[in-house]
Amino acid sequence: MAREPREGGRGRERDRDREGDDLVDKLVTINRVAKVVKGGRRFAFAALVVVGDQKGRVGYGSGKAREVPEAIRKATERAKRGMIRVPMKEGRTLHHDVAGHFGAGKVVLRSADAGTGIIAGGPMRAVFESLGINDVVAKSLGTRNPHNMVKATFAALERCASPRAVASRRGKKVSDILGKREQAAEAADV
């Protein structure tokens with residue numbers, strides 16, 4: 001008798017590159033659920049998928065169906081509808097450190113130097129790979145539930161802002177925003 005693979009393990013994550021829309025979708029987890037009815041159990045599957053263009057746009061979705069491929073298709077469609085744009089520094093990392101939470105899931109995302117790579121747990125790694133971030137350090141606190149980890153990561157990413165957006169919101173120049181940080185670093189070194 002063949003043993004079923006565990007849900008959410010490393011082997012469950014896969015990515016498919018679709019031609020035409022240049023989106024990469026990563027399967028984060030599949031969960032088998034059972035409904036007890038007269039005459040036995042009815043099995044269904046719930047899938048969590050992350051979709052991104054690896055250029056700063058990413059989305060997530062979940063879908064449920066009686067068959068695995070149908071659940072993945074539904075989750076992928078939902079992920080494509082809910083994509084967000086995240087500003088990236090030099091196209092490889094975040095502009096600043098940010099924290100986010102959803103339910104019991106709390107995550108801390110930190111920008112990293114070139115060559116660091118993606119240092120993050122499974123569900124968060126799928127988000128960063130789909131987003132196109134190459135250098136980031138992330139830590140999940142509070143929960144191991146993949147749904148809450150992905151939602152907390154998205155809550156953090158939605159709070160990210162580029163220096164240009166901050167400068168325009170405050171009515172200042174970008175050099176005023178970035179210059180203060182450099183001056184503070186020099187003062188700390190003295």
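Given the Cα atoms of region 73-190, and with Rh set as the inverse mean 1/r over their pairs in the Kirkwood sense, what is Rg to Rh to two decimals? Can you show the working numbers first?
Values: Rg = 15.9 Å, Rh = 15.5 Å.
Rg divided by Rh gives 1.03.
What order, most packed first, do the peptides 35-47, 115-127 have when packing is the mean number of other Cβ atoms within 10 Å of each residue? Before the final figure, lay out the partial values.
On the way: 35-47: 11.8, 115-127: 19.6.
Going by the mean number of other Cβ atoms within 10 Å, highest first, we get 115-127, 35-47.
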### Query
Hey, what do the phi angles of region 142-159 turn into as Karplus ³J(HN,Hα) couplings, whole Hz, using 6.51/-1.76/1.60 and θ = phi - 60°, x for Gly and Pro?
x, 8, 10, 5, x, 5, 5, 5, 5, 5, 5, 5, 5, 4, 5, 5, 5, 7
### Query
Using the scaling law 2.2 N^0.38 Å as the reference, what is the normalised Cα Rg of region 12-85?
1.24
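Every number here is computed from the coordinates shown, using simple stated rules; none is lab data. If you're wondering where the values come from, they're calculated on a predicted model, not measured in any experiment. Positions of Cβ are backbone-derived with ideal geometry, glycine not excepted, and every protein chain shown enters the neighbour counts.
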